[in-house]
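Structure first, commentary second.
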Amino acid sequence: MNINTFPYPLYLVISEADCKGKDFLKVAEQAILGGVDVIQLREKNDSPELFLQKAQQLIEITNKYDIPLIINDNISVAEKVNSAGIHVGNNDATPQDLRRNPLLKDKIIGYSIEHLNQLENEQTAVADYLGISPVFKTKTKTDTITEWGLEGISKIRQLTQKPLVAIGSIHLENARAVINAGADSLAVVSAICSAADPQKAAYELKNEIVK
Ligand code: TZP
Ligand code: MG
């Protein structure tokens, strides 16, 4: 795809476990109705079969609303469901590998930035968007490296034109500051998945971003 703009300002990253007993498919649908623009399915502990099954269920919903589905770090699942994109981290298959794959080369490819020197590598150059991971320390993902903070976003903003998707403890209260620091899109897990009303949470976040 190789996009210069990222027309998805509110990005939901979802897993069944992060929905804490709620039906994750319902949470996803409510989030879409509230204004989420793109969804990533991120299942770190599932068997390949279960991950595929969840992706097949979720893509029925995202397709219904014409919302892109991005698969976290699983080439086979991304290929099999023909997802709109795939997201990889610093220790996963590389964006270059994905671009060489005939089934994935035209997909949205996201790449997490955990070290500043990644901005100089060829992987960053071929990614469609960069994940700023994490902006703030989060209980949802504890094996993180750099906590970028707002200063980190501003620094990365000066070094690249790529769309920047910020993730990590983003909530209604800090959403505007993260955008003002230079992020193009906000990715959240708990702000929507743990909310009593995911649709309302998405709606409020979206209003905070686009206002
Ligand atoms: N990558 C970096 S932080 C994070 C991921 C998947 C989790 C963000 O979760 P939350 O609940 O929005 O802080
Ligand atoms: Mg990974």
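The values are calculated or read from the model by the stated rules, or taken from the named source; none is laboratory data. Given the structure is predicted, the values throughout are model-derived calculations rather than measurements. So basically every Cβ, Gly included, is an ideal-geometry build from the backbone, and we count neighbours across all protein chains shown.
Restricted to the stretch 33-61, and to residues that are within 16 Å of ligand 2 (Cβ to nearest atom) and among the hydrophobic types (A, V, I, L, M, F, W, C), which residue is surrounded by the most Cβ atoms within 10 Å (Cβ to Cβ)? Residue satisfying both the conditions and the ranking: Leu41. Against the conditions (1) within 16 Å of ligand 2 (Cβ to nearest atom); (2) within 18 Å of the chain's Cα centre (by Cα), Lys139 satisfies every one except (1).
When the stretch 187-204 is limited to residues that are of a type outside the set (Phe, Trp, Tyr) and either more than 16 Å from ligand 1 (Cβ to nearest atom) or farther than 17 Å from Lys139 by Cα (or both), the one that is surrounded by the fewest Cβ atoms within 10 Å (Cβ to Cβ) turns out to be Ala196. Candidates in the stretch 142-167 are the residues that are within 16 Å of ligand 2 (Cβ to nearest atom), in contact (Cβ under 8 Å) with a residue 12 or more places away in the chain and over 18 Å from Ile70 (Cα atoms); of these, the one that is nearest to the chain's Cα centre (by Cα) is Thr144. Can you name the residue in the stretch 70-84 that is away from ligand 1 (no atom under 15 Å from the Cβ) and under 15 Å from the mean Cα position of the chain (by Cα) and is also surrounded by the fewest Cβ atoms within 10 Å (Cβ to Cβ) among such residues? Among them, the one singled out is Ala84.
Just to be sure, is Val27 touching a residue at least 60 places away in the same chain (Cβ under 8 Å), assigned to a helix (DSSP H, G or I) and either under 26 Å from Ile209 (Cα atoms) or of a type outside the set (Asp, Glu) (or both)?
Yes: the conditions hold for Val27.
Looking at Ser47, Ser83, just one residue is modelled with pLDDT of 95 or more and within 25 Å of Gln123 (Cα to Cα), and that residue is Ser83. Selection of the stretch 176-211 for residues being more than 24 Å from Lys26 (Cα to Cα) and among the hydrophobic types (A, V, I, L, M, F, W, C) yields Ala177, Val178, Ile179, Ala181, Ala183, Val210.
If you take the residues of the stretch 149-184 that are assigned to a strand (DSSP E or B) and within 13 Å of ligand 1 (Cβ to nearest atom), which of them is farthest from Glu122 (Cα to Cα)?
Ile167
Comparison of Thr146, Thr138 shows that the only residue that is out of contact with any Pro (no Cβ under 7 Å at 6 or more places or on another chain), modelled with pLDDT of 95 or more, within 16 Å of ligand 1 (Cβ to nearest atom) and farther than 24 Å from Thr5 by Cβ is Thr138. In the stretch 86-98 there is at least one residue matching the filter, namely being assigned to a helix (DSSP H, G or I), more than 16 Å from the chain's Cα centre (by Cα) and buried (at least 22 other Cβ atoms within 10 Å of the Cβ). Restricted to the stretch 185-211, and to residues there that are touching a Pro at 6+ places or on another chain (Cβ under 8 Å) and not in a helix (DSSP H, G or I), the residue that is nearest to Arg42 (Cα to Cα) is Leu186. Please give the number of the condition Lys64 fails out of (1) buried (at least 22 other Cβ atoms within 10 Å of the Cβ); (2) more than 13 Å from ligand 2 (Cβ to nearest atom); (3) of a type outside the set (Asp, Glu). So Lys64 meets the others, but not (1).
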